[in-house]
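See below for the structure under consideration.
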Amino acid sequence: MQALTNRSKMVSNKQMTFLERLYLVSIFKGMLITISHFLKKKATISYPEKHRPISSVYRGQHVLKRDENGAERCTACGLCAVACPAEAITMVAAERKKGEENLYREEKYAAVYEINMLRCIYCGLCEEACPKEAIFLTDRIVPTEFERGDLVYGKDILVEPMEKSKRIDVSKRQTPDVLEFKTHSEYAHNQLWDPKKSLQTKKQSH
């Protein structure tokens, strides 16, 4: 049969010499390769005790932000879910009730908000689509799990803690223009719920 290429080689039936049958040369070459690896810099680190340096804009685990008063910023508009190319985000919207102004920033909020971390490709489009600065990707690495269901994160994991000392800093992910815009309290986007003003409005209406 004619070969398609000229890369084929004829295999010879060469007999091994006495030294080759002892494998001493091969063992010595192998030991040299092994010893050379001891002198090289290690390619791995002892994670999670040690961390490699990562970019300041690394896109890791998501966080649902609260405003300065502790109210959830998410209004369940669904833009993040629509923008997600992997369809990893699902939510159920609910209406805010009286007395919950300190819990939810707007009249609508996400009663259920879930992200399937196995589907997420960490593209950041949810962050770009959000008009309320409610969702951000952080530099936190998503931990491994043994069960697939454990990687569907709900609000108990995504929403940042109420305590200001435990809030997630996302200032590195905001452009200077956005940070400057947030200094203008006259815009409705930057206004916080004030219980005193709310009481005055009720008295005036009566």
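In the chain, the calculated helix contribution to ellipticity at 222 nm averages -6500 deg cm²/dmol per residue, counting -39,500 (n - 2.57) for every DSSP H run with n ≥ 4. Here the Debye sum runs over all C-alpha atoms of the stretch 1-112 as equal scatterers in vacuum, and log10 of I(q)/I(0) at q = 0.16, 0.19 Å⁻¹ comes out as -0.98, -1.09.
Select one label from (1) 1, 7, 15, 19, 22, 18, 11, 5, 1, 0; (2) 1, 5, 10, 13, 13, 10, 7, 5, 4, 4, 5, 4, 4, 4, 3, 2, 2, 1, 1, 0, 0, 0; (3) 1, 7, 15, 18, 18, 17, 12, 7, 3, 1, 0, 0: the one whose number is P(r) over Cα pairs in 5 Å bins from 0, in percent as derived from the coordinates shown. Label (2) holds the value from this structure. Of the residues Val25, Val152, ranked by 1.4 Å probe accessible area with the largest first, the sequence reads Val25, Val152. Taking the C-alpha atoms only, the angle from helix 195-205 to the longest principal axis of the chain is near 40 degrees. With a 1.4 Å probe and every protein chain left in place, tell me how much accessible area Leu118 has, in Å² to the nearest 10. Using a 1.4 Å probe on the heavy atoms, I get roughly 80 Å². Here the Karplus relation 6.51 cos²θ - 1.76 cosθ + 1.60, evaluated at θ = phi - 60°, turns the backbone of the stretch 74-91 into coupling constants of 5, 10, 6, 6, x, 5, 5, 5, 5, 6, 5, x, 9, 6, 8, 10, 10, 7 Hz, with x for every Gly and Pro. For the chain, the per residue solvent-accessible surface stands at 78 Å², with DNA, RNA and ligands left out and a 1.4 Å probe. Residues whose amide H lies under 5 Å from that of Val159, counting only those 5 or more places away or on a different chain, are Leu64; hydrogens are built 1.01 Å from N in the peptide plane. On a 0 to 90 degree scale, rounded to 10, what angle separates helix 24-39 from the longest Cα axis of the chain? Helix 24-39 and the main axis of the chain meet at about 30 degrees.
Take every Cα-Cα pair in the stretch 115-172 and report what % of them are more than 15 Å apart. Result for the distance tail: 58 percent. Between Ser8 and Glu107, the modelled labels are 8.0 nm apart [label points 7 Å from Cα along Cα→Cβ]. Short-range pairs are left out: with C-alpha atoms under 8 Å and at least six residues apart, the relative contact order of the stretch 15-163 is 28 percent. All Cα-Cα separations within the stretch 64-170 were binned at 5 Å from zero, giving a P(r) of 2, 12, 22, 25, 20, 12, 5, 1, 0, each value a whole percent of the pairs. With 20 Å as the limit, the listed pairs Lys9/Lys29; Lys132/Lys172; Lys65/Lys166 have Lys9/Lys29 beyond it between alpha carbons.
The values are calculated or read from the model by the stated rules, or taken from the named source; none is laboratory data. All values derive from a computational prediction rather than experimental measurement. A quick note on method: Cβ atoms are made from the backbone with ideal geometry, for glycine too, and the neighbour counts reach across all protein chains shown. To get the accessible areas, we keep the full protein, side chains included, count just its heavy atoms, and leave off ligands, DNA and RNA. Shrake-Rupley method; radii C 1.70, N 1.55, O 1.52, S 1.80 Å.
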